[in-house]
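Q: Provided herewith is a single structure, encoded as structure tokens, for subsequent inquiry.
The values are calculated or read from the model by the stated rules, or taken from the named source; none is laboratory data. Bear in mind the structure is a predicted one, so any value in this text is a computation, not a measurement. Counting neighbours? That spans all protein chains shown, and the Cβs are built from the backbone with ideal geometry, glycine included.
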Amino acid sequence: MVFGRSNSRRPVEPVTLKILVAGGFGVGKTTLVGAVSEIRPLRTEETLSEAGRPVDDTAGVEGKTTTTVAMDFGRITLREDLVLYVFGTPGQDRFWFLWDELAQGALGAVVLADTRRLEDSFAAVDYFERRGIPFTVAVNCFDGAGRFPVETVRTALDLDPGVPLMMCDARERESVKEVLVAVVEHALERVDGSRRAAAAT
């Protein structure tokens, strides 16, 4: 029996990259991870309690009843050879000690922002700037929230010109995918730029 040459390709071993999703309390991090994940997302949400009322600022998100206490986790295959592991950070100040652990090995990050509580994004922007982790700011377009020009938001957040800033809907898979692609592209550009600079010295 003569066997013809097989047309099947060898399976591709995908590159896996780690991306963080950070931002203030109630900005939509859990929603974003859940919207884009191709697996059932891991969530570590607990119900807000009376004991936490003095430290959980729910102004502007009064309908929120749960909060992430460790992380959210999801996975998305962008291409056959590229898989992203997406980690959502907790938003409240008292859980920020977890950020250093979650940031280990991250290629880049999304800072999710809400124009109603834009000041809640400052801590995340500062965190990634100080650690040299490339990040993209994504403004979550909540129903009823004010819509502002990108440059107005950029100025309000005092972002460097090279930091990508875009609008998104954390509930919509395609919108979130665009944000994640922007993060990967920005981070890889930063890596390439560093390599070129090192080669030139």
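Q: Hey, does segment 93-104 have a residue that's touching a strand residue (DSSP E or B) at 6+ places or on another chain (Cβ under 7 Å), closer than 27 Å to Pro41 by Cα, free of Cβ contacts under 8 Å to residues at least 60 places away in the same chain and not aromatic (Phe, Trp, Tyr)?
A: The answer is yes, given that some residue of segment 93-104 is touching a strand residue (DSSP E or B) at 6+ places or on another chain (Cβ under 7 Å), closer than 27 Å to Pro41 by Cα, free of Cβ contacts under 8 Å to residues at least 60 places away in the same chain and not aromatic (Phe, Trp, Tyr).
Q: Where in segment 1-120 are the strands (runs of 3 or more DSSP E), entirely inside, with at least 2 residues that are crowded, with 22+ Cβ neighbours inside 10 Å and at pLDDT 95 or above? Can you show your working first?
A: On the way: elements: 15-23, 42-47, 66-79, 82-88, 108-113.
Qualifying strands (runs of 3 or more DSSP E): 15-23, 82-88, 108-113.
Q: Of everything in segment 121-160, what is surrounded by 14 or more Cβ atoms within 10 Å (Cβ to Cβ) and part of a loop (DSSP other than H, G, I, E, B)? Give them in sequence order.
A: Answer for segment 121-160, where residues must be surrounded by 14 or more Cβ atoms within 10 Å (Cβ to Cβ) and part of a loop (DSSP other than H, G, I, E, B): Ile133, Pro134, Cys141, Phe142, Ala145, Phe148, Leu159.
Q: Going by the conditions given, is Ala145 in contact with a strand residue (DSSP E or B) (Cβ under 6 Å, 6 or more places away or on another chain), at negative phi and among the small types (Gly, Ala, Ser)?
A: no
Q: With the structure loaded, tell me whether Asp143 is modelled with pLDDT under 95 and of a type in the set (Asp, Glu) or whether it fails that test.
A: Numbers: modelled with pLDDT under 95: yes; of a type in the set (Asp, Glu): yes.
So Asp143 passes the test.
Q: Note down all Cβ pairs under 7 Å where the first residue falls in segment 183-201 and is touching a residue at least 12 places away in the same chain (Cβ under 8 Å), the second is of a type in the set (A, V, I, L, M, F, W, C) and in a helix (DSSP H, G or I), and they're at least six residues apart or on different chains.
A: Cβ pairs passing all conditions: none.
Q: Can we say Glu151 is modelled with pLDDT of 95 or more and over 19 Å from Asp72 (Cα atoms)?
A: Values: modelled with pLDDT of 95 or more: no; over 19 Å from Asp72 (Cα atoms): yes.
In short, no.
Q: Still on this structure, I have one more. Select, from Val179, Val184, the only residue that is in contact with a Gly (Cβ under 8 Å, 6 or more places away or on another chain) and at pLDDT 95 or above. Full working, then the answer.
A: Values: Val179 fails: in contact with a Gly (Cβ under 8 Å, 6 or more places away or on another chain).
Matching residue, one of Val179, Val184: Val184.
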